[in-house]
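No lab work stands behind these numbers, since they all come straight from the coordinates. All figures in this text were calculated on a predicted structure; none of them were measured in a lab. Every residue, glycine among them, receives a Cβ derived from its backbone with ideal geometry; neighbour counts consider all protein chains shown.
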Amino acid sequence: MIVGAGPAGVALALLLARQGVPLTLVEASPTSARQFRGEALMPSGLAALAAMGLLPLPASIAQRPLAGWAFWADGQQLFQVAEPMGSRRPCTLVDQEALLAWLLDAVRRLDGVKVLTGRPVVAPLLSDGRVVGVELDDGTEVRGELVVACDGRASMLRRKAGLELTQLGKPMAVHWFRLLTAAAEPVTDWLKGQFVTILSSGDSLALYASVYGGVQLGWVQDPSAPVPSSSAEWRERWALASPERLANLLRAFPLQAIHGPVRLPVQVGRLEHWWQPGLLLLGDAAHPMSPVRAQGINMALRDSLLAARQLLPALGQGDTAGLDRALAAISAERLIEIRRIQASQARELARADLLRHNGWLRQVLVASAGWSSPLLARRWQADQAVLRQGCGTVELTLPPDVMMG
Ligand SMILES: Cc1cc2nc3c(=O)[nH]c(=O)nc-3n(C[C@H](O)[C@H](O)[C@H](O)COP(=O)(O)OP(=O)(O)OC[C@H]3O[C@@H](n4cnc5c(N)ncnc54)[C@H](O)[C@@H]3O)c2cc1C
């Protein structure tokens, strides 16, 4: 039984069900639509999809390779780097809602699968210290030899199992906006297909042309600064941080075409053990990630791939001790990559924080950008290896009969 039909849950359901493992997938929400969804897949996540036999994605799922990454500070471009940065595949924006709906549809068509949507799980069922199923909101009990909690960063199952996250870094909040399609065209043209990060005194702004149309804009601000109270104030704050041409485009942007903000509190953390007898946690439930360099979907897919490989020989054997050993092995193996990714994200965030708060350093970089830009670009690119590829030690293969053409 799998709880949660985000990337972790739906990918695991597909991999297990293809092999004839009978399962129930329970999802609280009636649809895969969300107000804001991530859409960047790194080469690491694309490699996981390829290993699952899911690439190329159908053309009906909107997707667009990113042209590159650009960094600005105090109105001056510091450097830019073009994709694919030496990777086999470029970072690609993918309509995650359509991807999840497509995967869920594939799961539904497999024998032995029951998909329950719009049905929140409210508690685990316990017997002799072992998780043996879950209770749904209407009191229905669903039992199975294993419960896999893929119920996201606020995981109810994690909380009810008494598992505590190691908290990493200070909590922060990202304010997300969407600049709606037609009006956003001049901004989209300015972006040139790049993911743009703009650092200024205390604040930072990230924006890119979304596959959902329009521009997605994330704003991280100094926690001590007042939060703007109207779209007009927000727009002026972005403009003040932006280089002149973008600032002019933003100031001319119609207020009614600004959608948001949605304030997303971010607390990064991880479990040091992802399992209890009869229970496994994957994806954000086991390791809520920082938004830095778009890792969450990618790591969730890689969790599921590895979990499927370990679980397939252990499920349905009537050997609970053997199953628990597989859970421990999944946890130990995945922790290696998650620790390294979270450490790399923390380094990126610390560098951005330093620049946001150190005007003198920004001035030096801005003044020297004419000659230092290629050096900065090379240095940044070298630091991205793990965040793009994941750890080289991760085995991204499945037995051939678990692949799907
Ligand atoms: C605005 C935003 C932008 C992001 N951008 C990116 C990006 O560009 N790239 C990237 O890699 N990551 C991105 N992320 C992070 C990424 O979305 C997550 O890390 C990823 O979705 C985690 O997958 P998951 O399957 O573990 O959990 P989730 O996707 O959170 O899925 C959990 C599922 O469990 C369901 N659920 C929860 N509780 C229950 C319950 N009690 N019973 C039944 N079902 C339940 C939820 O409804 C949900 O469908 C972004 C996140 C946000 C919010």
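Quick notes on this structure:
- Taking a sphere under 13 Å around the Cβ of Gln194 and counting the other residues whose Cβ falls inside, with K and R at +1 and D and E at -1, yields a net charge of 0.
- Rounded to 5, percent antiparallel among DSSP beta bridges of the chain: 75
- Computed from Cα atoms, the angle from the helix 320-357 axis to the main principal axis of the chain rounds to 10 degrees.
- Around Leu126: net Lys/Arg minus Asp/Glu count, Cβ-Cβ under 13 Å: 0
- Residue-averaged [θ]222 nm for the chain, counting only DSSP H segments that reach four residues, each worth -39500 (n - 2.57): -12000 deg cm²/dmol
- Where trypsin sites (Lys or Arg not before Pro) in DSSP loops with at most 16 other Cβ within 10 Å are excluded, longest remaining stretch of the chain: 193-405
- Three-way shape call for region 138-242 based on the alpha-carbon gyration tensor, with the a/c threshold at 1.5: prolate
- Positive minus negative residues near Gly86 (Lys, Arg vs Asp, Glu; Cβ under 12 Å): +3
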